[in-house]
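Heads up, the thing below is written out as structure tokens.
The values are calculated or read from the model by the stated rules, or taken from the named source; none is laboratory data. These numbers were taken from a predicted model, which means no experiment stands behind them. Ideal geometry is used to build each Cβ from the backbone, glycine not excepted, and the neighbour counts take in all protein chains shown. Accessible surface is based on the protein model in full, side chains and every heavy atom, while ligands, DNA and RNA are left aside. Shrake-Rupley method; radii C 1.70, N 1.55, O 1.52, S 1.80 Å.
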Amino acid sequence: MSFKVRSSKFRHVYGTALKREYCYDNIRVSKSSWDSTFCAVNPKFVACIVESAGGGAFIVLPLSKTGRLPADQPVVGGHKGPVLDIAWCPHNDNVIASGSEDCVVKVWQIPDGGISRTLTESVVDLIYHQRRVGLVLWHPTARNILLSAGSDNQVVIWNVGVGEPLIHIDCHPDIVFSASWNFDGSQLLTTCKDKKLRLINPRSGEIEQEVICHEGSKASRGIFLKGGLIFTTGFSKLSERQYSLRSPEKLDDPIVMVELDTSNGVMFPLYDPDTSMIYLCGKGDSVIRYFEITAEHPFVHYINTFQTPDPQRGIGMMPKRGCDVSICEISKFYRLNNSGLCQAISMTVPRKSELFQEDLYPDTIGDIPAIDAEDWFNGQDAEPILISLKDYHQPTRLPTASEMKVAKKPNILDKPSANKTVKSSPNNTTAAPPVAKPSFNQPQKSIPDDIVKEFKEEIRKLKAMIVKHENRIRALEARAAEDTTDTAKDGGDSLVLKNNDQNDVEPKDNDTEHVDTNEDDD
């Protein structure tokens, strides 16, 4: 009897928890009962929702500044109620959106290096929902498109650049638990408290398909995979945790339906489209299970489990642009514990060679939007612009600041895409499409207004001092010129007098000599 071992380069993926000095400690983790990840990560920052008195807040920490946080750590605290969900913009690493119990969605601009004092002024406030907002999600390819869902059972798609809602979707009879865009952002997948999974046309709001997701009454979540398949997590009637794999053509007939365990925590599926791997992170669990999705039976292949001693409160997954390719890191997580520790976990594939491993790092999604918000709203779709990680190693990449601006019309929430070069592999000929109008002019790091006023006052004083000194120097030069002229005149008069005196003396000497000669003759 022969036994065939499945061939896969990701059969041996190992998780490693970084040392405590490379993590964040003393975080006041939010005590909200809302089912959210409470953490969001990008190649520049890690953001965590924290407990705050008198409103809602979250902290933003640069990846380079780790260690124990001070008690007076600055926060982003402009909400009047607890923050329930946060999401970094995929096209601008300095922009983050937050939803709160105060029914408002806020978009923030974070300066490079993090915030030095509590930030209370957002770039734009998006007001539409009548009840708490528990879900915010950016569009994967279109610039400035943001989705929000609230406890009023409404889903709103915003154009953040003009601060106005584009589309209002009112097809859910209960609270929306999760939402997911497909690879090019042309379809929307939602899970609801009524146990149903819905496939929606995001531009029209029409339901294309609607089926029972999981029979359990607890929260379920669903995500789109790169090839178009759908992966869901939820509970059975007996409160057993399940995951399923479905095809959009037969949404009501799961390809795979597997029961995991009987824990009560909601499972968050985190997906890596480059490696076709899914990481299941349960709220309150101390483990991270990871699977590989393939076209071979049983389609969802269990790989391994990463285990820690502390249960997790929240978790955030780093985009592939932030992974360290020099150590063959294929995924990185930031895991919030109840103790206040934000632990960094690195998933690596052991390789002996120190060269760039092209089989582990295919071209990945970059930070350049493929289309504008207006083009997407008018019916245009585009797949994400891919980049190569061979020359895009984030720890050594120089950061570029991007300023976000919001105006009522036209749309200027932006980042330079027309002038930016897309890094790609030799096989990838994808280039950035022409942008209708340049948006971000890539200004310098944002500076508070009071510091700008102080600098302007100092510059004004320096200019006044320079003018004063210039006038004084001119006066001194004029006086010196006058003194030189007077000296020259005095010197000429003395010379004339001296010559005259010499002329007067010489005749006397001649006369004397002449007289003496005459006397000798006598």
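Quote to one decimal, in nm, the extra length available between Phe455 and Ser33 on full extension: 0.36 nm per residue of separation minus the C-alpha distance between them.
147.3 nm
Given a 1.4 Å probe and every protein chain left where it sits, what share in percent of the accessible area of region 268-401 is carbon and sulfur?
51
What are the trypsin sites (Lys or Arg not before Pro) within region 1-70 that DSSP puts in a loop, where the Cβ has at most 15 other Cβ atoms within 10 Å?
For trypsin sites (Lys or Arg not before Pro) across region 1-70 that sit outside H, G, I, E and B with at most 15 neighbouring Cβ atoms in 10 Å, the list reads Lys4, Arg6, Lys9, Arg11, Lys19, Lys31, Lys65.
Just the accessible area per residue of region 227-334, please: how many Å² with a 1.4 Å probe?
Averaged over the residues of region 227-334, the accessible area is 37 Å².
Using a Förster distance of 22 angstrom, determine the FRET efficiency expected from the C-beta separation of Asp252 and Glu208, and round it to 0.05.
The pair Asp252/Glu208 has a calculated efficiency of 0.95.
Show me the trypsin sites (Lys or Arg not before Pro) within region 79-166 that DSSP assigns to loop and that have at most 11 other Cβ atoms within 10 Å of their Cβ.
When the trypsin sites (Lys or Arg not before Pro) of region 79-166 are filtered for loop state and at most 11 Cβ neighbours within 10 Å, Arg117 remain.
Using DSSP to call loops (not H, G, I, E or B), can you name the chymotrypsin sites (Phe, Trp or Tyr not before Pro) in region 285-338 whose Cβ has at most 15 other Cβ atoms within 10 angstrom?
Phe299
Calculate the FRET efficiency for Ser239 and Ser8 from the Cβ-Cβ distance with a Förster distance of 41 Å, rounded to the nearest 0.05.
0.80
So, R0 is 45 Å and r is the distance between the beta-carbons of Arg474 and Ser116; what FRET efficiency does that work out to, to 0.05?
0.50
If you count only protein heavy atoms with a 1.4 Å probe, what accessible area per residue comes out for region 126-191, rounded to a whole Å²?
Value for region 126-191: 27 Å² per residue.
I'd like the distance separating the alpha-carbon centroids of region 109-172 and region 311-343, in whole Å.
That distance is 24 Å.
Could you pull out every residue, at least 5 positions away or on a different chain, whose amide H is within less than 5 Å of the one on Asp194? Hs are placed 1.01 Å off N in the peptide plane, and Pro or chain starts have none.
Asp174
Over region 123-211, what percent of the accessible surface lies on carbon and sulfur atoms, probe 1.4 Å?
Accessible surface attributable to carbon and sulfur in region 123-211 totals 41 percent.
Which residues' amide hydrogens lie under 5 Å from the amide hydrogen of Gly314, considering only partners 5 or more residues apart or on another chain, with H built in the peptide plane?
The list, which skips near neighbours in sequence, is Leu336.
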